[in-house]
Every structure is written in structure tokens, then in C-alpha cells.
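Enquirer: Please read through the structure below; I'll follow up with questions.
Every read-out reported here was derived from the displayed coordinates using simple, explicitly stated rules and does not represent laboratory data. Quantities reported herein were computed from a predicted structural model and do not represent experimental measurements. Because the Cβ atoms are built from the backbone with ideal geometry, glycine has one as well, and the counts that use them run over all protein chains shown.
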Amino acid sequence: MITGVGIFGLLLGLLSVFFATRLRTRLRIGVFLALYVTHVLAAVAYYQLVQTSVADTYLYYFDPYGIYNQEGFGSNTILIIALVQFPKSYFGGSYLDYFLVFQAVGFFGLAALMRVFEEVYQEMEVDQPFYTYLILFMPSIHYWTSAIGKDSLFFFGLCITFWAAMNHKRRFIVFGAGLLLMLAIRPHIAIVAGAAFTLAVLIDKNTRMLIKVPLFAAGLAVTAYAAISLRSTFGIDVTNVDVFSDVLAGRDALLTTEDAGRSVVSGSFFFLLISLLFRPFFFDAPGAFGFVASVENLGVLAFIVTLFAFGRTVLTLFRRVPFVRYTLVATVMITFVLTLGYYNVGLGIRQKATMILPGLMVLFVTTLAYRRAQRIAEVQPPIVVGHPSLG
């Protein structure tokens, strides 16, 4: 059943068209609408699935333990419960309604990726190829960002930092808002993003010291706050090297329990990294969902192989373009952190879709756009690019 709350969610998602594209051609509007229909259908499918299975969405919507009345607003899980229970206490709304509201937030993240791709090609002054629209239909991104929970908010926060980093001198407020949203959901990943941005600004030769100092201070402040939040919320002291041994020991202990599930993964760091990025494989993923995930992993493999094959181009962009520097460092560091805590194939699919894939997609599209501009420049007069991050 859909009430006014659900209709609000549907309309909110549609409003992202004003952010997704500045060039509202027939093609771009058509792609946007197809993406949105896909995302809404993913939300409905997720909603149907949780009717017969255990999911975090039940905790967020029904709050069986009365956490909202005890804690109010907070961070992490408590925040998601409050974001459902607070409007629910005033406006009501069905279980499906709040799926539709959260999917709208997740879809704004997809809109941000669409906008990033558009701006990259626009500033390179080359035509945007159709495949850049197709990769936005990757199933896991739609599925995991369409439900009540942390993933839609975190995905949105991460994606708008990529867009903001393209012109960080003008969009630093947007970047800070995205980082704060990430901080509220997953502070340990916010530390990584804040550190990556600080590095990107510090080594940028084109950024004046007058801008560099406050940006560095802001990045340092958010990173420090995230570290404090980790310590107070989870008892994790990131200044203590021994804490990583404790985390790994805790993961190893979990692997010996039945709670880890049948899809448990253990082994060397390299094996865990490969598993995080490319599992499930076709032979260890029964059912339709496993098959779709395995097919999608071929796309992930294509992204990574392309970036390695054009490593020289990636390195050039890393040196010249702050936004590429931020995206690359953040994606690599996030992957490293997630690998340390990886133990389950299902969890890995979810984390990869919402925290690793966005950066990989941005790097893949930007690298191929730059190479295309280079090829055109070989047979035409040099392209003068005025964009502050892609020039």
C-alpha cells in the first residue's frame, strides 16, 4: 500500500533530474527515466523479498526494541531508525512507503554519477558515448541503494563528493555535506575519504595557499572528528596500531562460528581482495541472484583491467587532476579497509556496490574520455579545456 509518504518519495526521486543533467536532451531524459524506473522496481523487488526473509529494514521500520524512544537521534543504525520513526510518528506511512523514500535518496547518488560523466565529457569537448549510460544500470547499485537503510544514504554521500571534487573550490560546501553524511553512517570510511581529499588538495599545484590552508584544515577536522567518533561509538582507536590486530582477530573468531554462514571467506589478504572484488564466481553462486552478480563481476573486472592497461593515462590524470587524485586514492583506500574486514560473500557484494563501484566507474569513464580527447587532438587543433579540474 502506498500513501502520501510513498508518493512524496517517488516525486523526490524525480526531482533529481535537475541535478542529473544540465543538457536535457531527449537521450539524457530518456536514460534518466529508464534509470529511475529500474531503481523503483528494484525497491519494490527488495520490499517483496523482505516479506519472507530477515532484513535490517524490519528493525528500521518497526523498531521492535523501542530504540528510537530510548536513544532519539544518533549515528549509524540509530540514525536510520530515527530517520524512519520521526516522520512516521507525524505522517504515518507504510513499510513500502519508506522504501520509496529511501530509494529516492539512493537515486540522487546515481544522478550524481550521471552528472559526473556528463561534465567529464563536456569539459573534454568530446561526445559522450552510449556505454557511459549503460554502466549506470549495473544491477547491484540499484538493488542495494533502493531499500530502507544505510546504503542509500552512504552511496549518495560518496557520489556527491566525487561530483563536488570536480570543482572543489566552488563546491566545497557540497563536499563537506557529503562527507558529514558518510561520517554519520560509516565513520571509518569517512576517515578514508577525508584523508584522500586532504591529500588531493595538498599536492595540487594550481590551488592557491589561501584556499589550500582552510580546505586542508576542514579535511583534517573532519578526519579527526571521524576518528573520535570511531573511538567513542565502537571503541576503535585508529591511532593505535594494535587495534588492527584486534579487528583481524575478531574476524578470525567469527569465521569459526556458525553465524558466518555458508558463504564465509578466509585466507590471505590477496585472496580476500580478489574475493571482495570478483566473487561470487559462476560456480559458487547458485540461483538467479548469484548469476546476475557473477555477470556483473565481469564488468568490475573490465573496469579494473582497463585502468591497469591504461595505467600511464591514469598516472597522468592523477598528477594533473585533483578530482581524479581524490577518487583514485579514496577508492583504493576504501577497498583496502573493506578487505581487512571482509569475511562474507553476501556482505562483500553489498559493500562493493555502494562503496567501491562508484569510484571505479568514475575512474573508468574519465580515463577513456581523456584518451578519446587525446585521439581527437592528434587529428584536430589542440582542445583548450577550461574546467578547473580537467584542464
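Enquirer: Taking 0.36 nm per residue of separation and subtracting the Cα-Cα distance, what length does fully extending ILE173 through ASN76 add?
Expert: Taking ILE173 through ASN76 to full extension adds about 32.7 nm, to one decimal.
Enquirer: Related question: For a protection proxy built on the mean count of beta-carbon atoms within 10 angstrom, sort 62-74, 270-282 highest first, please.
Expert: Final packing ranking: 270-282, 62-74.
Enquirer: Still on this structure: Using Cβ contacts closer than 10 Å as the measure, can you line up VAL305, VAL101 from fewest to most?
Expert: VAL305, VAL101
Enquirer: Using the per-residue mean of other Cβ atoms lying within 10 Å as a proxy for protection, in what order, highest first, do the peptides 188-199, 26-37 fall?
Expert: Top to bottom by mean Cβ count within 10 Å: 188-199, 26-37.
Enquirer: In whole percent, what relative contact order does segment 1-108 give with Cα contacts below 8 Å and a gap of six or more residues?
Expert: For segment 1-108, the relative contact order is 57 percent.
Enquirer: Another question about this same structure. For a quick check: with amide H placed at 1.01 Å from N, whose amide H comes under 5 Å from ASN344's, ignoring anything fewer than 5 positions away on the same chain?
Expert: VAL265
Enquirer: Okay, moving on. Subtracting the Cα-Cα distance from 0.36 nm times the residue separation, let me have the gained length for GLN374 to LEU315 in nm, one decimal.
Expert: 19.7 nm
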